[in-house]
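The values are calculated or read from the model by the stated rules, or taken from the named source; none is laboratory data. Values in this document were obtained by computation on a predicted structure and should not be read as measured data. As a convention, Cβ positions derive from the backbone with ideal geometry for all residues, glycine included, and neighbour counts pool all protein chains shown. These accessible areas exclude ligands, DNA and RNA; they are computed on the full protein's heavy atoms, side chains included. Shrake-Rupley method; radii C 1.70, N 1.55, O 1.52, S 1.80 Å.
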Amino acid sequence: MNNFIVRTITGVIFVTAIVVSFLNPLAMVFLFALVTGMTIWEFCGLVNQRPNVQVNQFISSVAGVFFFLAMALHTRGLDSLNLAFVPWLVTLIYLLVSELYLKAADPILNWAYAMMAQLYIALPFSLLNVLAFQFTNCDLPWLLPLSVFIFLWVNDSGAYCCGSLLGRHKLFPRISPGKSWEGSIGGAVFVLAAAWFISFYTTQHGITTNLSMLQWMGMGLVVVVFGTWGDLIESLFKRTLGIKDSGHVLPGHGGMLDRFDSSLLAIPAVVSYLFSLALL
């Protein structure tokens, strides 16, 4: 019961912080710059547990935050080249040079993990700025990035409920024994319903989104597929390291990677989907 209460309180605060941040561009940039840095710090701390790995947590985290800020400034139409891109580039060069030339047991492995932190974590979070600030033909520009997280939350909840009640066939038992095909399909159905509701609500109230009902539902399916994939990748990552949670920063919910694993693949996939529709 105590664990349930802790999980509930943490979950409410977590969801509220994300929802409120999207309503204010400055709050969104501040929150996800912080999330980017904390997630990279956590990731580097985990990979440093592997043999012959010594990634610089601080420099990697700073580089990721600079990358996020560069994208935020660029999508806001500001001079990101001088304000954030150059510091990110200098920081990244310093990181790579130090990883390659310090007397580490395996500098190439350190370099690979350092670059992975930028591509796996910093890049997806940075693309949130594209969804938030470049989707200009929408009356509610915050709706698009928020919808990604709504679909992820609905998918998780729907998959859990359907999996608990109907789950018989395991999805990937080697990676995540708790996931089932029935749960995944149920989660997708709930997301399609959520996408239909968003489209119906915005249409009924005259809110322009530039997405048709089918395009909203297509976006929902993209989030389901790539969100599930992102969750499985993080499960494989933790299983490889032999750990249950990636961290303990969120009481009752684990670490930053545990909470944002699905979004790390869903966000780039949604950006690619909208570019393919010429909506970005």
Accessible-area composition of the chain, carbon plus sulfur, in percent [1.4 Å probe]: 70 percent
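Quick one, could you list the DSSP H helices from the chain stretching 30 Å or more along their long axis (Cα atoms) with average Kyte-Doolittle hydropathy of -0.5 or above? Could you put the intermediate results ahead of the total?
On the way: long enough: 2-23 (32 Å, 1.74); 25-47 (33 Å, 1.84); 143-166 (32 Å, 1.42); 181-204 (34 Å, 0.94); 213-241 (42 Å, 0.93).
Membrane-span-like by this criterion, though nothing is claimed about a membrane: 2-23, 25-47, 143-166, 181-204, 213-241.
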What are the aspartates and glutamates whose alpha-carbon lies under 16 Å from the alpha-carbon of Lys244, with same-chain residues fewer than 8 places away excluded? Glu42, Asp231, Glu234, Asp258, Asp261
At a threshold of 8 angstrom on Cα-Cα distance, excluding pairs fewer than six apart, so keeping six or more, what relative contact order does segment 1-155 reach in percent? 26 percent
Would you mind checking which residues have amide H under 5 Å from Ala104's amide H? H placed 1.01 Å from N; only 5 or more apart, or other chain. none
Per 0.36 nm of contour for each residue apart, how much would the distance between Ile108 and Val225 grow if the chain were fully extended, relative to their Cα-Cα spacing? 38.9 nm
At 222 nm, what helix-only mean residue ellipticity would the chain give, in deg cm²/dmol to the nearest 500, using -39500 (n - 2.57) for each DSSP H run of four or more? -24000 deg cm²/dmol
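Mind ordering 113-120, 239-246, 262-269, 61-68 by average Cβ neighbours within 10 Å, highest first?
So the order, starting with the most tightly packed, is 61-68, 262-269, 113-120, 239-246.
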With a Förster radius of 35 Å, plug the Cβ-Cβ distance of Phe275 and Val189 into 1/(1 + (r/R0)^6) and report the FRET value to the nearest 0.05. 0.85
Chain lengthening between Phe197 and Asn137 when straightened (0.36 nm per residue, less Cα-Cα): 19.6 nm
Listed residues Gly45, Gly77, Gly220; largest mean-square fluctuation, Gaussian network over the chain with Cα springs below 10 Å, found at Gly77
Per residue, what accessible area does the chain have, given a 1.4 Å probe and all protein chains present, in Å²? 50 Å²
Nonlocal amide H pairs with Phe172, under 5 Å, H built at 1.01 Å: Lys179
Simple spin-label model, 7 Å along Cα-to-Cβ: Met213 to Arg50 in nm? 4.7 nm
FRET efficiency for Phe58 and Gln204, Cβ-Cβ distance as r, R0 = 41 Å, nearest 0.05? 0.25
Ordered by packing density, taken as the mean number of other Cβ atoms within 10 Å over each peptide's residues, highest first, how do 8-15, 105-112 rank? 105-112, 8-15
Accessible area, 1.4 Å probe, largest first: how do Arg174, Arg7 sort? Arg174, Arg7
Give, in nm to one decimal, the length gained when the segment between Phe4 and Ala27 is fully stretched (0.36 nm per residue of separation minus the Cα-Cα distance). 5.4 nm
